[in-house]
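S.K.: Before I ask anything, here is the structure I am working with.
The values are calculated or read from the model by the stated rules, or taken from the named source; none is laboratory data. Please read all numbers here as calculations on a predicted model, not as lab measurements. The protein model used for the area step is the full one, side chains on, heavy atoms only, and it has no ligands, DNA or RNA in it. Shrake-Rupley method; radii C 1.70, N 1.55, O 1.52, S 1.80 Å.
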Amino acid sequence: MDDSPHPAAAAAAARPRPQVFVGIDLAKGSFQAASEADDPAGRFNRSFAHDADGIAALLAQLEPLDVALVVMEGTGGLERRLAADLAGAGHPVAVVNPRQARDFARALGKLAKTDRIDAQTLAKLARILKPHARALPSAEQLRLKDLAGRRRQLIRMRTAELNRAQQASSTDVQKSIKHVTAMLDKQVAKIEKQIARMIDANSDWKDKSDILDSAPGVAPGTAHALLAELPEIGTLSKRQVAALAGLAPHAFESGQSTGRASIWGGRAAVRTILFMPAMTAARVDPVIRAFYQSRVARGTPKMAALTACMRKLLTMLNAMVRDGVKWNQKPVETGA
């Protein structure tokens with residue numbers, strides 16, 4: 001008796017499984033997951049509890065499927081655990097800017113907004129746009145980012161208190177503000193020590209920090225903040241790193257109308273970090289000072305010229321980390 005499989009069955013087994021694209025709309029207590037697939041067996045749109053059991057149920061739903069990509073929006077950290085568990089199960093995950101998801105929904109004519117619709121829209125975005133799935137940050141990287149974020153919050157609170165001190169006429173209010181700012185200073189110092197210990201304990205971070213710190217205007221705190229907010233530095237092209245920071249200019253042209261190029265999107269925290277170093281470099285570094293002055297001489301507004309300096313400084317820092325060289329060791333990529 002011939003035990004070989006039927007030709008039709010063998011052909012079906014040899015065919016690759018249809019790919020499935022998944023979109024996830026996140027909320028604090030639950031999340032909605034939907035899929036885009038040619039095969040009806042791969043289509044679903046259902047709600048899961050946003051806890052260990054719900055995540056396990058989603059992974060069980062995806063286990064028999066050939067998941068090409070999972071897309072979810074960045075929600076300030078709410079997405080971290082789910083993204084990590086999905087990546088740990090071998091599913092590629094892309095976390096996109098909510099602006100991109102909203103613009104995509106408008107392009108599709110999706111005006112209504114429900115969890116089911118949003119999840120399905122993200123699944124379509126995954127299938128059509130196929131955003132790049134980046135490696136997820138490690139627990140150590142997330143801790144560094146959280147500490148850097150907390151430092152920024154404390155500094156903003158301190159600045160607000162100092163502004164109030166300028167308007168306060170009551171001695172009691174002045175004393176209260178002085179007490180609060182002293183407490184905030186202690187907290188900032190404590191977090192800066194924690195960040196410094198983390199950087200020093202990681203040889204890769206320490207080497208990169210020393211390289212970044214060699215640039216004009218980049219103090220150790222600035223270098224640490226860049227490593228927290230832009231861990232990809234040194235691994236990207238100059239265009240990629242500028243775009244990731246939201247410093248890549250976008251042209252505005254339509255027919256015979258030509259507007260001024262502008263920047264938008266990207267990581268606002270990186271732009272905040274680079275602002276003061278770029279101002280310093282525009283004063284003291286010959287290359288960036290000449291670049292800034294040439295822009296202003298051509299009629300570029302000073303703030304736009306400074307933004308261009310931020311972009312130039314970032315691409316130079318990126319090249320320095322990539323090549324493992326400090327500021328004055330050798331020429332680096334300076335394209336803006």
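S.K.: Given N residues in the range 21-104, what is its alpha carbon radius of gyration divided by 2.2 N^0.38 Å?
M.R.: Its radius of gyration relative to the 2.2 N^0.38 Å reference: 1.01.
S.K.: Which value results when the Cα radius of gyration for the range 126-188 is divided by 2.2 N^0.38 Å?
M.R.: 1.85
S.K.: When the convex hull of the Cα atoms of the range 113-222 is projected onto a plane and the area is averaged over all directions, what value comes out in nm²?
M.R.: Averaging across all directions leaves 12.3 nm² for the Cα convex hull.
S.K.: Relative contact order for the chain: what is it in percent, counting Cα pairs under 8 Å that are at least 6 residues apart?
M.R.: 12 percent
S.K.: Taking only Cα atoms, what is the 0 to 90° angle, nearest 10, from helix 286-297's long axis to the longest principal axis of the chain?
M.R.: In the chain, helix 286-297 runs at an angle near 90 degrees to the longest axis.
S.K.: With a probe of 1.4 Å, find how much accessible area the range 3-158 has per residue, and write the answer as a whole number in Å².
M.R.: Accessible area per residue, the range 3-158: 55 Å².
S.K.: Ok, one more. Of the residues Ala297, Ala168, Ala27, which exhibits the maximal mean-square fluctuation in a Gaussian network model of the chain defined by a 10 Å Cα contact cut-off?
M.R.: Between Ala297, Ala168, Ala27, it is Ala168 that shows the largest mean-square fluctuation.
S.K.: Let me ask something else about it. Average the reciprocal distances over every distinct pair of alpha-carbons in the chain, invert the result, and give the Kirkwood radius in Å.
M.R.: 23.4 Å
S.K.: Roughly what angle does helix 220-229 make with the longest principal axis of the chain, taking Cα atoms, 0 to 90 degrees, to the nearest 10?
M.R.: Helix 220-229 sits roughly 20 degrees off the main axis of the chain.
S.K.: Identify which of Ser138, Ser170, Ser209 has the largest mean-square fluctuation in a Gaussian network model of the chain, with springs joining Cα atoms closer than 10 Å.
M.R.: The residue with the greatest mean-square fluctuation here is Ser170.
S.K.: Separate question: Got a number for the accessible area of Thr222? Probe 1.4 Å, square angstrom, nearest 10.
M.R.: Number for this one is 30 Å².
S.K.: Let me ask something else. Considering only protein heavy atoms and a 1.4 Å probe, what is the carbon-and-sulfur percentage of the accessible area of the chain?
M.R.: After summing per-atom areas, the C and S share lands at 53 percent.
S.K.: Could you tell me how many degrees, from 0 to 90 and to the nearest 10, lie between the Cα long axis of helix 139-167 and the main elongation axis, the longest principal axis, of the Cα atoms of the chain?
M.R.: Computed tilt is about 40 degrees.
S.K.: Right, next: Which entries in Lys206/Lys238; Lys130/Lys238; Lys124/Lys238; Lys206/Lys312 show an alpha-carbon gap greater than 26 Å?
M.R.: Among Lys206/Lys238; Lys130/Lys238; Lys124/Lys238; Lys206/Lys312, the Cα-Cα distance tops 26 Å for Lys124/Lys238.
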